[in-house]
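Chemist: Got a structure here, written out as structure tokens. Questions coming.
Just so it is clear, none of the values below were taken in a lab; they were calculated from the coordinates. Treat the numbers as computed from the prediction; the structure is a model and nothing was measured. Please note: Cβ atoms are built from the backbone with ideal geometry, for glycine as well, and neighbour counts cover all protein chains shown.
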Amino acid sequence: MAEFDVVGVGNAIVDVISIVDEAFIVENHLAKGSMSLIDAERATQLYASMPSGIESSGGSAANTMAGVASFGGRAAYIGKVRDDQLGEVFRHDIRSTGVSYDVPYATDGPPTARCLIQVTPDADRTLNTFLGISSLLSPDDIDPALVASAKLVYCEGYLWDIEIAKQAIRKAMDIGRASGAKTALTLSDSFCVERHRDEWLELIGSRVDIIFANETEICALYECDWDTAADKIAGQVEIACLTRHSSGSVIVTADERFAIGPEPCEQLVDTTGAGDLYAAGFLHGYARGLDLATCGRLGSLAAAEIIGHVGARPAIPLSTLR
């Protein structure tokens, strides 16, 4: 029996989430609704300008692992932090969610990463990320025994910007496949797709079993319309989980498609983490051997819960959702 349902690999980031008005976006020259990489100086300036908010361990794959744990699943995480205050915040916080996290602190190099997230009244979120030490995850940080103990290995596209981190992802996927695990990749952001399209098409064709992408990302990957992109990805992976905002999602395989309707949400507050938590619900169901339609519904339930409040971590145990 596998020790873990899912092992996630990604950028270990402390999220700072604040509610702002549209004027804040304009005055600080932010690219509304997108994820921008920033340097240490810009991170310091923007952090000082933001109103007080929520600070917690974050990063896309870390949010997904916290969601798996909230469903009652067994999740572990691999990501790199420094031996600084935010590194301690990250370690304590992610462990408090029930996720196993034992990657040693880095003792030199850049500081722990942070993502400054501005949420506007329309519930859209703008992300400004200083990657710090997180982007320097290396193959040496991948614990072979840990990865080999999982049913699923889930890797975050945001991490694919530096060669050493690419090597770490490839190593994790290769270990997982060799041990019989399914490997999953989230495309993370359309800007990531634009930067890495050719490499990702090769990666998807050789190492990936399950893809998570929203409509914009999958269309950007194949540079075509939605229907054509869905047809193309069906021939490349076993399962493609394609989210379509308020229209729900579609689970695509080579032979079937399952349309999953959105779950109701009383009030849309903050879309931060919606895709991450959708992945958590799907992965939890898949690790339990549930059918694909049910896995997709669990994803929709988790996404609906997360967009109803500020922050990318569940406000209630996801295991209570029905």
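Chemist: Run down the lysines and flag those whose C-alpha is under 16 Å from the C-alpha of LYS166, throwing out any fewer than 8 positions away in its chain.
Modeler: Straight-distance partners of LYS166: LYS80.
Chemist: Still on this structure, please answer the following. Can you list the aspartates and glutamates whose alpha carbon sits under 12 Å from that of LYS171, skipping same-chain ones fewer than 8 residues off?
Modeler: List returned: ASP140, ASP141, ASP143.
Chemist: Counting other beta carbons within 10 Å of each Cβ, put LEU131, LEU146, LEU201, LEU283 in order, fewest first.
Modeler: Arranged by neighbour count, lowest to highest, LEU131, LEU146, LEU201, LEU283 become LEU201, LEU146, LEU131, LEU283.
Chemist: Tell me, what HN-Hα J-couplings in whole Hz come from the Karplus equation 6.51 cos²θ - 1.76 cosθ + 1.60 at θ = phi - 60° for each residue of segment 16-31, using x for Gly and Pro?
Modeler: Result, ordered by residue: 10, 10, 10, 8, 9, 9, 4, 4, 4, 4, 5, 5, 9, 6, 9, 8 Hz.
Chemist: Enumerate the calculated ³J(HN,Hα) couplings along segment 46-53 in order (Karplus 6.51 cos²θ - 1.76 cosθ + 1.60, θ = phi - 60°), each rounded to whole Hz, writing x wherever the residue is Gly or Pro.
Modeler: 5, 4, 5, 7, 6, x, 4, x
Chemist: List the residues, sorted by chain then number, that are 5 or more residues from SER36 or on another chain and whose placed amide H is less than 5 Å from its amide H.
Modeler: For SER36, the qualifying residues are LEU127, ASN128, THR129.
Chemist: Counting pairs of alpha carbon atoms under 8 Å apart in space and at least six apart in sequence, what relative contact order in percent does segment 161-320 give?
Modeler: Result for segment 161-320 is 15 percent.
Chemist: Listed highest first by mean packing, meaning other Cβ atoms within 10 Å per residue, what order do 252-265, 301-314, 216-229 come in?
Modeler: 301-314, 216-229, 252-265
Chemist: Based only on the alpha carbon positions, what is the Kirkwood hydrodynamic radius of segment 4-320, in angstrom?
Modeler: 19.2 Å
Chemist: What are the ³J(HN,Hα) couplings of segment 143-159, residue after residue, when phi is run through the Karplus curve with 6.51, -1.76, 1.60 and θ = phi - 60°? Round to Hz, x for glycine and proline.
Modeler: Per residue, the Karplus-derived 3J(HN,Hα) values read 7, x, 5, 4, 4, 5, 8, 9, 6, 9, 10, 10, 10, 9, x, 4, 6 Hz.
Chemist: Under 20 Å Cα-Cα from LYS232, which aspartates and glutamates qualify once same-chain neighbours fewer than 8 residues away are excluded?
Modeler: Output for LYS232: ASP189, GLU194, ASP198, GLU199, GLU202, ASP209, GLU215, GLU217, GLU223, ASP255, GLU256.
Chemist: Using only alpha carbons, build the gyration tensor for segment 126-224 and give me the equivalent ellipsoid semi-axes, biggest first, whole Å.
Modeler: For segment 126-224, the ellipsoid semi-axes come out as 22, 17, 11 Å.
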